[in-house]
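Encoded as structure tokens, the structure appears first; notes follow it.
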């Protein structure tokens, strides 16, 4: 484990934790991650799961965490939620993404139009996220809507998505096809961009700046820490492998989540 020489030992009140590549890979827990969350909470630190995975509804994410021993109700923030905050009640929005995108759109009081519905060409906005059903027809509908004036919003622009068998194309790859077909630049909501930062501030407030972002991707999680103005802890259990270069400030560089917790300033158990 390495720590930058000019960075003090982090002592966060709130730990913002990525899921894929940090806690689990395709819902298979990474060794030590469940215990790491428990140790943080036992020390009085809040753990909030901030994920660019927009495909699943929030309750499904919470249930998947509960299934591996991590209670998480009220502590999951997805890029779909951040993206939906950019649409208004009453708007028609093409959900070019998974069920999580549809849920987030409807929670805003907007109407979600299915990504394969031909009526989706006449909407006020298009939200693009990772989904395995994406095909040429969905790309055509989304691109037509954007060319007709719909706002192009993305849950995230991650090029890849980590799995136990290695990275697969991510939401950013789907987004790139629509952006290329339309010549339009999207507004991206998820990490490392400001809409997700705004969602974090709404959820946790500002605990005197004592935040720590834990993630496996420097370009996303590390840059998000820069956006928030907080420390970044990098783990090497996801897309950033041992020996890969990192282009952002790193307070803790660890093999896994458990070793990140080892590196934090110790705290007595509350009470």
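The values are calculated or read from the model by the stated rules, or taken from the named source; none is laboratory data. No experiment lies behind these values; they were computed from the predicted model shown. We place every Cβ from the backbone using ideal geometry, glycine too, and count neighbours over all the protein chains shown.
Here are the numbers for the structure shown:
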{"quantity": "All positions within segment 104-127 that are assigned to a strand (DSSP E or B), without any contact (Cβ under 8 Å) to a residue 40 or more places away in the chain and in contact with a helix residue (DSSP H, G or I) (Cβ under 6 Å, 6 or more places away or on another chain)", "calculated": "112, 113"}
{"quantity": "Single residue of 73, 34, 47, 23 found to be within 23 Å of residue 166 (Cα to Cα), without any contact (Cβ under 8 Å) to a residue 40 or more places away in the chain and not assigned by TED's automatic domain parsing to the domain that holds residue 165", "calculated": "34"}
{"quantity": "So residue 266, is it in the same structural domain as residue 45 (by TED's automatic domain parsing), assigned to a loop (DSSP other than H, G, I, E, B) and closer than 15 Å to residue 12 by Cα", "calculated": "yes"}
{"quantity": "Residue in segment 8-15 that is within 21 Å of the chain's Cα centre (by Cα), in a helix (DSSP H, G or I) and within 29 Å of residue 246 (Cα to Cα) present", "calculated": "no"}
{"quantity": "Enumerated strands (runs of 3 or more DSSP E) restricted to segment 149-255, each holding at least 3 residues that are under 14 Å from the mean Cα position of the chain (by Cα) and modelled with pLDDT of 95 or more", "calculated": "211-215"}
{"quantity": "Number of the condition not met by residue 144 [criteria: (1) over 16 Å from the mean Cα position of the chain (by Cα); (2) closer than 21 Å to residue 21 by Cα]", "calculated": "(2)"}
{"quantity": "Filtered residues of segment 254-266 (kept if surrounded by fewer than 21 Cβ atoms within 10 Å (Cβ to Cβ) and under 21 Å from residue 23 (Cβ atoms))", "calculated": "255, 256, 258, 259, 262, 263"}
{"quantity": "Test for residue 85: is it surrounded by fewer than 23 Cβ atoms within 10 Å (Cβ to Cβ) and within 15 Å of residue 263 (Cα to Cα)", "calculated": "no"}
{"quantity": "Hits in segment 121-146 (condition: exposed (fewer than 14 other Cβ atoms within 10 Å of the Cβ) and either over 30 Å from residue 29 (Cβ atoms) or assigned by TED's automatic domain parsing to the domain that holds residue 27 (or both))", "calculated": "135, 136, 137"}
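Here's the yes/no breakdown for (1) under 16 Å from residue 225 (Cβ atoms); (2) surrounded by fewer than 23 Cβ atoms within 10 Å (Cβ to Cβ):
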| position | (1), (2) |
| --- | --- |
| 148 | no, yes |
| 153 | no, no |
| 168 | no, yes |
| 176 | no, yes |
| 186 | no, yes |
| 191 | yes, no |
| 196 | yes, no |
| 205 | no, yes |
